[in-house]
Every structure is written in C-alpha cells, then in structure tokens.
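What follows is a single structure, written as structure tokens, with notes after it.
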Amino acid sequence: MKILISRKIESEVMQLIPKDEFDIVMWKEENSIMPRDLFLKEVVDADAIFINVTDQIDEEVLSCAKKLKVIGTMAVGFDNIDIKEATKRNIPVGHTPDVLSEAVAELALTLMFASARRVVESMNYIKASEWTSWGPYLFAGQKITGAKLGIIGMGRIGNELAKMARGLNMDVSYYNRNRKIETEKKLQVHYKDLNTLLQESDYVVMLAPATKETYHMMKYEQFALMKPTSIFVNVSRGTTVDENDLYKVLKEKKIYAAGLDVFENEPIDENHPLLSLDNVIAVPHIGSATVETRDKMVEITLKNILNGLKGEPLLHAVNPEVYTKK
Ligand code: GLV
C-alpha cells in the first residue's frame, strides 16, 4: 500500500509507519510544497495521503485518486479539502483537533502581548540606532491584565484561550453561532452579539473557521465598531477578514494594532500594504508550531491514516458519516 506524504517530515514519530509494509512517497524538499502536477501524478495509485493546510484536495485530486482509502491532514482546519466529494467517495478524512488548542491559544496571547507592548516596533527602533535614552512614554502601549477580551468562535481553542485569559483576570466574552451555556458557567465567560463584542472589547481574537458564512465577516464596518485602543488578532484563517479594510482601519488608527498569523493569500506578499504598518505584527501561520504539538499532530495524522487503511474508524474523522451511510 502506498502512502503519499506531501511535505518532508523528519520527526521520529514517523517510525510509527512499519516501513516494510508500506511504500512511502514523501516530498524531499524542506519548506516547499510538492508541485501540484507531481502530486496529481503520485496520487493516482496512493492508498492514503498525508497532507496539510497548503494542499488543495479538490474534485480534480479526488477523481485522479483511484485507490484512495483515507486522507489525513496535519491540521485542525479542513477548509482546503472538499469534504462533500470525499464523503461521496466514502473516503474518511482525519484531522488533529485538541492537541493544538493550547499552542494556538498561546500564539493568540503572544500576538496580543506583542501588539499591546509594541515589541517588534521597539526592537526595530533599537536596531535602527534610534534609542538615545529612557523616555517617560517611550513605546507606551496597552495593558492586558484586567482588560476585556472578545473571542469570535468559541470552540476548543477559544476554551483554552478563555482559561488563560481568566488567569490574567481578563473579562472574557465570546460570540459564536450557538451559545455555549456550559462554557459560560465553567469559565465565567459571557455571550455577546458580534457588534456589542466588537464595541466593548479591548482585544478581539478571531478563531472562527473558514466557511462560506465566515468569509469576510470582519469588514470596515465591523472594525470601525472597535475602540481606537483595541487590538485585533487573527489565528484562524485569513479569509475571515477583508484585508483591504483591515489596512484602512489600521492606517486611520481606528483600531490600535493587529497581530496576524494567517492571511487571505499565504505566503503573504512581502510588499503587502499591511506589512508596511508599524501597528501590525505578522507571523507565518505558526499557530500550532511548538515541537511537542507538531509531533502530536504528526502522530495523530499517522494513526488516522493507519486506521483508515485497516478500515477502522479514525481517531478524529471530519466526516464520520462515511461509516454509517449506505
Ligand atoms: C492550522 O492552521 C490548522 O488548521 O491546524
């Protein structure tokens, strides 16, 4: 059986695959993606594919993949996979929820702190030899302890972030498609409609997944509701935000700053107007990037794939209906 792995992964966890039982085809280059034409060629006789957020698994891939029995994505998000088509073909799709929630919540906090305390701007100031003396208000920023946090999308990562923020004595609110009464009680968080949440929060963290409904849910009109001292952080998907509008509100100082891990087009062009602003901190989609978390994500992806190849339920299937539908 052939397992196609679209990225070079060198972790020891890869030893979970019994080498003598499988034909492993892995992309050889670090930090580059397997070219689409090669992927389409290799997928033809693949029994399983190990993919990630940079692979588009669409109708074209699925119709080439004549032997495909399971898809494992090393990610919690699966907006890059045509789940309906995979389900139609009875192919289970595995993903890696839970194990990355703390790491992503930590990056959200990192971006909150770094934006609030102007960390990158300050370092650039030193490097530019501009630092001449301590200043009473030199790089004075915003406080986090006790401030109001608004979370958009209260899933697993939202829960972790809320717990951490409560530890900082933050007043935490959330907006979500459905209210989470249990979470409200357990974590002492409040539900607010989106407009109220934007108006009242000092920090707004986007955690909603990329769907048709969340496409550009943050446009000029929404950003303009935020306070001039408020900070926007996106650690979910770039498509939830209209980046041109975000640029405008940051340039006009309608909001204080933004911390961004994800972008409408990745990698973001180095000449993108957002990157020219001092009040933007951008990092290259590294939400779950701690070694421990990435090892766990590889492990779960492999277990999903090995289970799928044996015809057993995956640890975490996005489309478990493949097992019940006739
Ligand atoms: C990363 O963005 C993921 O979905 O895990």
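No lab work stands behind these numbers, since they all come straight from the coordinates. From a predicted model like this one, the values you see are computed outputs, not experimental measurements. Neighbour counts run over all protein chains shown; Cβ positions are idealised from the backbone, glycine included.
Taking a quarter of the surface of the Cα convex hull of the chain, what do you get in nm²?
In nm², the orientation-averaged hull projection of the chain is 18.7.
Please identify, among TYR247, TYR174, TYR137, the residue showing maximal mean-square fluctuation in a Gaussian network model of the chain using a 10 angstrom Cα cutoff.
In the Gaussian network model the winner is TYR137.
At q = 0.15, 0.20 Å⁻¹, what is the log10 ratio I(q)/I(0) for the range 40-135, with the Debye formula run over Cα points and no solvent?
For the range 40-135 at q = 0.15, 0.20 Å⁻¹, log10 I(q)/I(0) is -0.68, -0.93.
Could you check which residue among GLU121, GLU42, GLU213 shows the biggest mean-square fluctuation in a GNM of the chain with a 10 Å Cα cutoff?
The residue with the greatest mean-square fluctuation here is GLU213.
Considering amide H positions built from the backbone, and no H for Pro or chain starts, which residues 5 or more places from GLY259, or on another chain, come under 5 Å of its amide H?
PHE232, VAL233, ASN234, ILE281
Residue by residue through the range 47-62, which ³J(HN,Hα) values in whole Hz follow from phi under the Karplus form 6.51 cos²θ - 1.76 cosθ + 1.60 (θ = phi - 60°), with glycine and proline marked x?
My calculation for the range 47-62 gives 8, 8, 10, 10, 10, 8, 4, 8, 9, 8, 9, 10, 4, 4, 4, 5 Hz in order.
Tally the DSSP beta bridges in the chain and give the antiparallel ones as a percent, rounded to 5.
Just about 5 percent of them are antiparallel.
Cut-off 10 angstrom, C-alpha nodes, Gaussian network model of the chain. Which of ASP98, ASP20, ASP193 fluctuates the most?
ASP20
What 222 nm value per residue comes from the helices of the chain, counting each DSSP H run with n ≥ 4 as -39,500 (n - 2.57) and dividing by all residues, nearest 500 deg cm²/dmol?
-9000 deg cm²/dmol
Residue by residue, what Karplus-based ³J(HN,Hα) values in Hz, rounded to whole numbers, does the range 97-102 have, using 6.51, -1.76 and 1.60 with θ = phi - 60° and x for Gly and Pro?
x, 6, 4, 9, 4, 5
Straight-line reach from LYS248: which lysines fall under 30 Å, measuring Cα to Cα and dropping same-chain residues less than 8 apart?
Once the sequence-local lysines are set aside, what remains near LYS248 is LYS127, LYS143, LYS148, LYS192, LYS212, LYS219, LYS227.
Which value results for Rg/Rh of the range 248-326 when Rg is the Cα radius of gyration and Rh the Kirkwood radius based on the inverse mean 1/r?
Value, to two decimals: 1.22.
From the P(r) of the range 101-282, can you give the percent of Cα pairs sitting at distances over 25 Å?
30 percent
Work out from phi, with θ = phi - 60° and the Karplus expression 6.51 cos²θ - 1.76 cosθ + 1.60, the ³J(HN,Hα) of each residue of the range 287-304, listed in order in whole Hz, and give x for Gly and Pro.
Once rounded to whole Hz, the list reads x, 9, 7, 10, 4, 4, 5, 5, 4, 5, 5, 5, 4, 5, 4, 5, 5, 4.
Test of the criteria: in the range 111-149, which trypsin sites (Lys or Arg not before Pro) are in a DSSP loop and have at most 12 other Cβ atoms within 10 angstrom of their Cβ?
Of the trypsin sites (Lys or Arg not before Pro), the ones in loops of the range 111-149 whose Cβ has at most 12 other Cβ atoms within 10 Å are LYS143.
Over the chain, what is the relative contact order in percent, taking alpha-carbon pairs closer than 8 angstrom and at least six residues apart?
Once normalised by length, the contact order is 19 percent.
Over the Cα atoms, compute the radius of gyration (one decimal) and Dmax (the largest Cα-Cα distance, rounded to a whole number) for the range 177-266, in Å.
Rg, Dmax (Cα atoms, Å): 13.3, 40.
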